[in-house]
Every structure is written in C-alpha cells, then in structure tokens.
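S.K.: I have a structure I would like to understand better, so I am pasting it below and will then ask my questions one at a time.
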Amino acid sequence: MSPDVSVKTLVIDGRDVGATGEQTILEVAREHGIRIPTLCHLEGLMPAGACRMCLVEVVGSNKLLPACVTKVSEGMEVRTHTPELLELRRMTLELLFAERNHICSVCVSNGHCQLQSLAGEHGIDHIRFPYQYPRLQVDTTHPRYGMDPNRCVLCGRCVRVCAEVEGAHTWDLMGRGAGTLVTAELRTPWGLAQTCTSCGKCVQVCPTGALFDKGRAVAEMEKRREFVPAILAGRDEEEELVP
Amino acid sequence: MTEEMIDAGRLDDLLRAIVNGHRCQPGQLVQILREAQDALGYLPASALTAIARALALPRAQVEGVAGFYSFFHLAPVGRYRVLFSDNITDRMLGSAELLERLCNKLWIERGKVSEDGLVSVDTTSCTGMCDQGPALLVNGRAMTRMSAERIDRISELIRTQLPLADWPPEFALVEDNIRRRDTLLGAEWPAGEALRAAIARGAEAMLGEMKLSNLRGRGGAGFTTAIKWESARRAACHGEQGIRYVVCNADEGDPGAFMDRSVLESDPHRVLEGMAIAAYAVGAHTGYLYVRAEYPLAVKRLKLAIKQAERLGVLGHNILETGFDFHVEVRLGAGAFVCGEETALIASIQGGRGNPRPRPPFPAERGLWNSPTLINNVETFANIPTILRKGADWFASIGTEKSKGTKVFALAGAIRNTGLVEVPMGITLREIVYDIGGGIPGDRTLKAVQTGGPSGGCIPAEHIDLPVDYETLNKLGSIMGSGGMIIIDDSACMVDVARFFMEFCMTESCGKCVPCRAGTVQIHNLLTKIARGEASLEDLDRLEKLSNMVKRSSLCGLGQSAPNPVLSTLRYFRDEYLAHVVEHRCPAGVCKIAAEGEVIR
Ligand SMILES: Cc1cc2nc3c(=O)[nH]c(=O)nc-3n(C[C@H](O)[C@H](O)[C@H](O)COP(=O)(O)O)c2cc1C
Ligand code: SF4
Ligand code: SF4
Ligand code: FES
C-alpha cells in the first residue's frame, strides 16, 4: 500500500496544524515547536512505545496514546500537557529513578543525561518509592566502552541502533519484567562479543550513563549523537537537553 | 546433562534435524527451542549458537527469545523438574506447605538444583487445574490433587529415580469436572455441518448472521465478534498480497481459568470448525492455534483432531469439495502469560520475545507478518458452529440485552462443586455459587467472588443477586474476563488476595514499558508493607495513586488491568486495608504482622 500523503489538519494544544497521514503526533508537534517529552524514542530507529513519557490525550479516545507511534488523523484534537499527563510523567520518572541506581553525582553522564534532564523538566525533587537498587554487574571488558546496567532504563535504543543501523545485533534484551537486562550476545562479556564492530553507536544513543566511553571521569561523558549518521539525517530533537 | 557431555558433532546433527523439521524457518524459533530443550534437557550456549547459525539469526536474538520464556532453561536443570502450580486456590489448599514438605524430604532448597543434578522444585504460574488442586508439573506433566501422602510418595519416586512413565497413573489423572452443560458444552452433532451451511450461504450472508447474533469475544474484553471479522475481511493487505490469517488464542493463563482447556480436550472439532468458518468469512487459508505448554493433553487431542478433520474433508485442502483451503497449525507457548495478549501472541508465533506492541494498528489490520489477522478465543470459536446451525435469532434469544448466549465459568476456591459450569448470560452469581456450585463448604460464609483473574476484581457477597453480564461486571469494577471464578470465603484476607494477583502480574510483566515493569513491583511492595502492618495512611494513598497511574499509562492490557484487583478490593474492603494500617491487625488472621522493630525484608 502506498503511504498516506493526504493532508490532515488537526489541533495540538489549541493550535491548528497541518500534517500528512503518515506522520506521528510527535513528528508534527516537533515540526511546530511543541515539546512532548520522550525517552525510548529516537528518530531513525523503529519506534517502541515503551517508556510512556510521550503519552498524550486525544479527545474522543478514552485511552492515552503514545505520541511517538500514533499516526495523526483528520480533525484530531491533541493535548500534550494536561495536569494528569504531567503527573503521570512525573510518576514514570520516579519509578525509573527508584528501579535502579541513578545517583547522578557519581555518574559519568552527570549533566548530560536525558533521564536527569527530564527529571529537571518535571520538577522532580524527591522520589516517593523505595529504591530497589539491584546490584548488577558492570561490564568493562570492551577495550573502548563500558556498560553499567545499574544506570539502564531499558529503553532499548542500543539494541535497535545496533540491529537496525549497524546491522550487528550484538545486543538484545534478556529475561523479562523487572529482571530484564540488556546483554551482549549469549551473555558473553562485551569485549568477547564476536559481532560487535566497536562502532560505538550504542554508546552514543544511550540516554543515560549506562553505556559510556572508557576513561571518562564523573560528568565527562557527553554523548555525540551526530556520530550516528542515520539518526543525524532524522534530526533528533532530543539533543536539546533541557537545562 | 552438562555441556561437555554433549559432543559437538552430535549436537550439530541433533539440532540440524530439529531445525530442518521446521524447514529452517526463523518464525519457528520458539518451537525449535522447545524441541531442542526436550532433547538436551536445557539450552546450553553451544546449542543456541548452533540454532542461530542454522536459522541465520543473530545469536543475541536467539538468546533474547530463549531468555524470555519461563520454560526455557539456559542452565542445567534437575532431571526431575517439579513445578508447583501457584494459584490462590492452590494456596488455599495448602500448596505452600506441600512445597516445603517436598523440599525437606529431598533435602533441597526451593529454586535450586540438587547437587547430584537429580531434582529441582519451584513454583510456576497457575497451571489451569484449579478444580483438582493443589497441582504440580513434573517435567511438564500435570499431577493433580496433591496431598501430604502423595508428596511423600513423589519424593520416593524421585529418589528411586523411577521413570515418569511408570509413576502411578492416578497422580496424573486430569478430570473433566463439568457441572452444568448447555448449548456449547452439550452440543452433539457431526463436525462439518455448520461449515457446509456457512459456505453454502456465502461469506457476506454469514457476516450478517454473525452480526445478528451479537456474539461477543469470550477471551476477556468482550469485543463484538462480527465487527472484528468484518475488519479482518475488509482490511487492506499490508503483508503479502491476499494473505490473511486466523488465530485461535488458547493461551489461557488467568489464574483460576480452565474453560478453554476443557473445551479443547473434550471437543476440539468444534473449535476447529469455528476457525474454519471464520477463515471462510475473512478469506484466510492458514490458521494457528496457540496453546499454552501446560496443556499437553489438549495439544495431543488437537493434533489428532486436525488429522481426523483433514481426513473427513472438513479441514485442509479443498474442504467439503468446495475449493476452499484452510490449514491449521498448532503452536505451543513456553510459559509466559503475556503471550495471551494478542500482539504478544503474534510476536511469539513469529518466533520472537512475547513483547506486546502499541495498538492501533490492531491485528485485524496488521497482524502476523503484517497481514490482516483475526484473533479469537477458544470459546468464541466454539460458539460459531452452534450459532450458524441454530440461527442467530435463537442465539440472541439467550442471555441479556447486550450479553448474548451462554458463558462457561470455571469455579474454584471455596466452593463445594469445583469445575466448569455453562450458564446463560444474565444468571445471578447466587445461582452459580449456591444452586450449581453447591455453596461454601464447612461453616464458612461467602465473602467475595473474584472474576476476570489478574485483570478483574472481587465482587463482594452483597452483590451476588446481580446478573452476570459484561456491563454489570464492569460497573462493579470487575470484568467478565475469560471465565475464571474464584470463590472467596471469610477465612481469606482481601489484602492478601490483592497481593497474590499483583505478585502474578509482577512476575508475568514482559518488562517493556515502565509503568507495568516498575509500577507492579512498587505496588507489590506497598501491599507487602500493608500486609505486615507497617504501612501508613500515606502509603495507602500512594497505593491508590500508583494503581491508577499503572492502569492509565501501561502499554498493553496486562499493565492496564493489573491494578484492578487492588482497586476493587480498596473499593469494597477498604476496612480490611485500614485494619492493617491503623490497627496493625489482619482481621482474617492471614497476614503475618511484623513485630515492633522487626526489619522489613
Ligand atoms: C495479558 C493478557 C492476557 C490475555 N490472555 C488471553 C488468553 O489467555 N486467552 C484469550 O483468549 N485471550 C486473552 N487475552 C485477550 C486477547 O488479547 C484477545 O483480546 C482475545 O484473544 C480476543 O478474542 P475474543 O475477541 O474472542 O475474546 C489476554 C489479554 C491480555 C492483555
Ligand atoms: S543501555 Fe542505554 S540505550 Fe541501552 S537500554 Fe539501557 S538505557 Fe537504553
Ligand atoms: S503493560 Fe506490562 S506486559 Fe504490557 S507491555 Fe507493558 S510491561 Fe509488557
Ligand atoms: S517516547 Fe513514546 S513511548 Fe517512549
């Protein structure tokens, strides 16, 4: 079937906007400078709809919909910042902070982390849930990079960039539920993974300090997402970290 | 068996045979892993590598799939693998004590393999034998009606290493406890008649008839079947041109549900005929029956029924000499409740991890390999032949205004007659519990009826005179669900009940989305805190807020409905929560209240 190029008009946060039927709510919102927070999404990668940060309200739908995967339709009326949505996003972030160890002050990505900036954006100053802090093994076997699963938010961006862009498919998700882990092939230490090309794309797309360049001290790990060409072509707005 | 013991050459030959048996299709990965594990005892890294190579799949992907399903083992397991069914009904019957007893007798720790590699003992999510519990699986084989004596015998059988085939057959007896039959369970006429009539009338006329019948899906959500059929028939083919699929969802994973097992075991032809009729209506030529691995007997009978049906000309090539082809394949799950969710089920049939994906697009538009795919439940399909044979008017005359026909419920828990009951929609809970179910055993009184499993809620005894239909149950904060009905008497603590279901959802969460993956853990934490009498009123408030958040934000039905048992018990039994929180006491005496100063673990 050919892509739906027909022009649709819709309303986002009270503004009339135009789009084609193939575009997602997120794409259209970004085109018009309307910010919808995202975490698992990265332009150029297959959408996952997993983190639920981008949920928006669509009038007439009793369910909240993820803006990153939901296609626009004619006459759609979208609200991106209702009090309910803000509270839900706040809680999602709190759940992530409580799930693993995200003590920013000792992290290589301190100051350059998407999770941290989202927390800032949402005014999170305390976490209402007890910290789970599973003690997960850090993998430093790769000569250039490291992997600290304690900082991982399981967004799956590394898995997707490695499989879809680099074509190596070194990473995948293991286990399920709260026990899910990102692992290199067959749980081998990363440094021994036969398919890894050491391209570093996973490190660059990781929103947190879970994947990092070795030899960086606290707060030194700035990600260069332009490093990953397919994603550069897609112009990812996530770069603009909110101070 | 250890990895060293399987020499590389033999391993390769063995796996090649398995992979070739599935025509080297990557989509068969889950089935291939199953067979490889059956042959090897577990899935060593060398086997995963060989399978990946043979299928030309990345090793990471093969391992990711193997690591998703709870019945796949990446490390050696005991030669006897004992898994206790963990449903609240098994617990009511003392399964936890029996598990401990077996572990003690065998000198092993739960969840660990004995040093000699002989045995391991653990729990698994409800195995659908709730009417004959406590139940367990030994190497995948169901054993029912466990007692202390039987457990002692089993420990001996294991210690003497008696082959499973020689175990006393009465242990493995699976009964068919049908307490009341109606048009579905009582149907008796040769398979094929309804199909012949349907083909003669043509697809459009049949869709019209289905619409008139107003049949709603029996798998959980109660979606109108005809609308689904229509969209699967009319959807554009995004996958291969002209290809559509029909899938029967027999993953039945709700704790307390065993209707589909019984229907598949006792009347597989009816289900196959329903699928064939649906296939004719939507224009599909291939169908899949996705059955949970816990139902080996159902699988055996289904496979036999498929062969018979093909011989009789009511399935397969040129059905009833009308030129219509419809082939059905059976696919087995591997221990993941979430695979009953339709998009996860599709991922699993395609050989992947059972992670759901956002809907829309719905499977009727984009399902298996992107083609329009009709997914219905076992009981939904089983209803079709009867509707077409007796007419939509007849069907619509049974039940209530919006809920037509009959529904099969699985009665378990604190009730005299456990088993299946088929009743017309709109019957009251009182009639089900007292007239058919024989009431509550002992001198106990009814406290609540739990419907809809982990997605449903608890209906308090004061509402048992209300009719059982989709709308009423929704209004009461529960759902019809697939038909599990757990009867709860006054010896149960509702905080404990809510905690059981949350533990289930937490264990079965696929982990893809944050609200369900992390939220169920925190809800479970809060419920544990409450059960121990250590929670504050603030915690109670947090519990409610978080429950609403998980419900609103989760990706799929599992997370969206996981908080329901909590919310419904908060609604009707808040006093029990308050007793734990304010008075530090469990009114039913079930929860272990922590002593002053004791540390919460
Ligand atoms: C977590 C989860 C588990 C489910 N398990 C089952 C199941 O075991 N059997 C089933 O028929 N439907 C199950 N469903 C519902 C299916 O997604 C789907 O709605 C159903 O199979 C459609 O069939 P129906 O229209 O005939 O009811 C489940 C849904 C969720 C969210
Ligand atoms: S390692 Fe980074 S990119 Fe990969 S899943 Fe975790 S947080 Fe996401
Ligand atoms: S709601 Fe739960 S089961 Fe469903 S996608 Fe999210 S984590 Fe997976
Ligand atoms: S950005 Fe849309 S769900 Fe994660």
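S.K.: Does B:Ile346 satisfy the criteria of being within 14 Å of B:Arg218 (Cα to Cα), modelled with pLDDT of 95 or more and assigned by TED's automatic domain parsing to the domain that holds B:Glu240?
M.R.: no
S.K.: Checking B:Arg499 against (1) touching a strand residue (DSSP E or B) at 6+ places or on another chain (Cβ under 9 Å); (2) more than 16 Å from ligand 4 (Cβ to nearest atom), only one condition comes out false. Which one?
M.R.: (1) is the only condition that B:Arg499 fails.
S.K.: Of all residues in region A:132-159, which are surrounded by fewer than 21 Cβ atoms within 10 Å (Cβ to Cβ) and among the basic types (Lys, Arg)?
M.R.: Once the filter is applied, which keeps residues that are surrounded by fewer than 21 Cβ atoms within 10 Å (Cβ to Cβ) and among the basic types (Lys, Arg), region A:132-159 yields A:Arg135, A:Arg144.
S.K.: Just name the residue that is nearest to ligand 2 (Cβ to nearest atom) out of those in region A:4-49 that are more than 14 Å from chain B (Cβ to nearest Cβ) and of a type in the set (Gly, Ala, Ser).
M.R.: The selected residue is A:Gly44.
S.K.: While we're looking at this one, here's another question. Out of region A:169-192, which residues are more than 8 Å from chain B (Cβ to nearest Cβ) and over 17 Å from A:Leu42 (Cβ atoms)?
M.R.: A:Leu181, A:Thr188, A:Pro189, A:Trp190, A:Gly191, A:Leu192
S.K.: Inspect region B:549-559 for any residue being without any contact (Cβ under 8 Å) to a residue 60 or more places away in the chain and more than 16 Å from ligand 1 (Cβ to nearest atom) and give the result as yes or no.
M.R.: The answer is yes; a qualifying residue exists.
S.K.: Of all residues in region B:46-71, which are within 11 Å of another protein chain (Cβ to nearest Cβ) and of a type in the set (A, V, I, L, M, F, W, C)?
M.R.: B:Ala47, B:Leu48, B:Ala52, B:Leu57, B:Ala60, B:Val62, B:Val65, B:Ala66, B:Phe68, listed by residue number.
S.K.: Assuming B:Ser155 fulfils every condition listed in (1) under 30 Å from B:Leu558 (Cα atoms); (2) buried (at least 18 other Cβ atoms within 10 Å of the Cβ) apart from one, which condition is it?
M.R.: In the conditions (1) under 30 Å from B:Leu558 (Cα atoms); (2) buried (at least 18 other Cβ atoms within 10 Å of the Cβ), B:Ser155 misses (1) alone.
S.K.: Related question: For region B:196-216, check the following and say yes or no: at least one residue is within 24 Å of the chain's Cα centre (by Cα) and within 26 Å of B:Cys130 (Cα to Cα). Break it down into steps so the answer makes sense when it comes.
M.R.: Just the residues of region B:196-216 that are within 24 Å of the chain's Cα centre (by Cα), to begin with: B:215-216.
In the following step, the residues that additionally are within 26 Å of B:Cys130 (Cα to Cα) were identified as B:216.
Yes, that holds for at least one residue.
S.K.: Does region B:563-581 contain any residue that is more than 16 Å from ligand 2 (Cβ to nearest atom) and within 14 Å of chain A (Cβ to nearest Cβ)?
M.R.: Yes; the residues of region B:563-581 include at least one that is more than 16 Å from ligand 2 (Cβ to nearest atom) and within 14 Å of chain A (Cβ to nearest Cβ).
S.K.: Looking only at residues that are more than 9 Å from every other protein chain (Cβ to nearest Cβ) and of a type in the set (Ser, Thr, Tyr) in region B:510-547, which one is farthest from B:Glu576 (Cα to Cα)?
M.R.: The qualifying residue farthest from B:Glu576 (Cα to Cα) is B:Ser547.
Per-residue answers, yes or no, for (1) surrounded by 17 or more Cβ atoms within 10 Å (Cβ to Cβ); (2) over 21 Å from B:Ala347 (Cα atoms); (3) hydrophobic (A, V, I, L, M, F, W, C):
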| residue | (1), (2), (3) |
| --- | --- |
| B:Val19 | yes, no, yes |
| B:Asp38 | no, yes, no |
| B:Ala47 | yes, yes, yes |
| B:Phe72 | yes, no, yes |
| B:Arg79 | yes, yes, no |
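S.K.: For region B:475-492, what are the residues that are within 24 Å of B:Leu527 (Cβ to Cβ), of a type outside the set (Ser, Thr, Tyr) and surrounded by fewer than 23 Cβ atoms within 10 Å (Cβ to Cβ)?
M.R.: B:Leu476, B:Gly477, B:Ile479, B:Asp489, B:Asp490, listed by residue number.
S.K.: Among the residues of region B:365-392 satisfying the criterion of being assigned to a loop (DSSP other than H, G, I, E, B) and surrounded by 24 or more Cβ atoms within 10 Å (Cβ to Cβ), which is farthest from ligand 4 (Cβ to nearest atom)?
M.R.: It comes out as B:Pro372.
S.K.: Moving to a separate point now. If you check A:Gly167 against the conditions, is it farther than 29 Å from B:His73 by Cβ and out of contact with any Lys or Arg (no Cβ under 6 Å at 6 or more places or on another chain)? Before you say what the answer is, go through the steps one by one.
M.R.: Values: farther than 29 Å from B:His73 by Cβ: yes; out of contact with any Lys or Arg (no Cβ under 6 Å at 6 or more places or on another chain): yes.
For A:Gly167, the condition - farther than 29 Å from B:His73 by Cβ and out of contact with any Lys or Arg (no Cβ under 6 Å at 6 or more places or on another chain) - is met.
S.K.: Counting only residues that are surrounded by fewer than 23 Cβ atoms within 10 Å (Cβ to Cβ) and near ligand 4 (Cβ under 10 Å from one of its atoms), which one in region A:50-69 is farthest from the other protein chains (Cβ to nearest Cβ)?
M.R.: So, considering only residues that are surrounded by fewer than 23 Cβ atoms within 10 Å (Cβ to Cβ) and near ligand 4 (Cβ under 10 Å from one of its atoms), the one farthest from the other protein chains (Cβ to nearest Cβ) is A:Leu65.
S.K.: Out of contact with any strand residue (DSSP E or B) (no Cβ under 9 Å at 6 or more places or on another chain), in contact (Cβ under 8 Å) with a residue 40 or more places away in the chain and away from ligand 4 (no atom under 16 Å from the Cβ), is that true of B:Leu207?
M.R.: Yes; evaluated as a whole, the condition is true for this residue.
S.K.: Step by step: first the residues of region A:70-79, then only those that are surrounded by fewer than 20 Cβ atoms within 10 Å (Cβ to Cβ) and not in a loop (DSSP other than H, G, I, E, B), then the one that is nearest to the other protein chains (Cβ to nearest Cβ). Which residue is that?
M.R.: A:Lys71
S.K.: Please specify each residue of region A:89-114 satisfying the condition of being closer than 17 Å to A:Arg128 by Cβ and either of a type in the set (Phe, Trp, Tyr) or crowded, with 21+ Cβ neighbours inside 10 Å (or both).
M.R.: A:Arg89, A:Met91, A:Thr92, A:Leu93, A:Glu94, A:Leu95, A:Leu96, A:Phe97, A:Glu99, A:Arg100, A:His102
S.K.: Looking only at region B:347-369, which residues are under 21 Å from B:Glu230 (Cα atoms), more than 13 Å from ligand 1 (Cβ to nearest atom) and not charged (D, E, K, R)?
M.R.: B:Pro360, B:Pro361, B:Leu368, B:Trp369
S.K.: Can you tell me which residue among A:Val106, A:Val153, A:Val138 is within 14 Å of ligand 2 (Cβ to nearest atom), touching a residue at least 12 places away in the same chain (Cβ under 8 Å) and more than 8 Å from every other protein chain (Cβ to nearest Cβ)?
M.R.: A:Val138
S.K.: If we keep just the residues of region B:484-541 that are β-branched (Val, Ile, Thr) and within 16 Å of ligand 3 (Cβ to nearest atom), which is farthest from B:Ala414 (Cα to Cα)?
M.R.: My answer is B:Val514.
S.K.: Go over the candidates B:Arg218, B:Arg270, B:Arg261, B:Arg244 one by one and state the one that is charged (D, E, K, R) and closer than 19 Å to B:Ala347 by Cα.
M.R.: From the options B:Arg218, B:Arg270, B:Arg261, B:Arg244, the qualifying one is B:Arg244.
S.K.: Right, here's the next one. Take the residues in region B:500-509 that are under 18 Å from B:Arg571 (Cβ atoms) and buried (at least 24 other Cβ atoms within 10 Å of the Cβ), then tell me which one is nearest to the other protein chains (Cβ to nearest Cβ).
M.R.: This residue is B:Met502.
S.K.: Here's something else I'd like to know. Within region B:311-346, take every residue that is within 16 Å of ligand 1 (Cβ to nearest atom) and part of a strand (DSSP E or B) and give me the one that is surrounded by the fewest Cβ atoms within 10 Å (Cβ to Cβ).
M.R.: It comes out as B:Val330.
S.K.: Further question on the same structure: What about A:Ile12, is it over 16 Å from the mean Cα position of the chain (by Cα), away from ligand 3 (no atom under 16 Å from the Cβ), farther than 22 Å from B:Asn370 by Cβ and crowded, with 22+ Cβ neighbours inside 10 Å?
M.R.: yes
The values are calculated or read from the model by the stated rules, or taken from the named source; none is laboratory data. Keep in mind that what you see is a predicted model, and the values were worked out from it rather than measured. Heads up, the Cβs are rebuilt from the backbone with ideal geometry, glycines too, and the neighbour counts pull from every protein chain shown.
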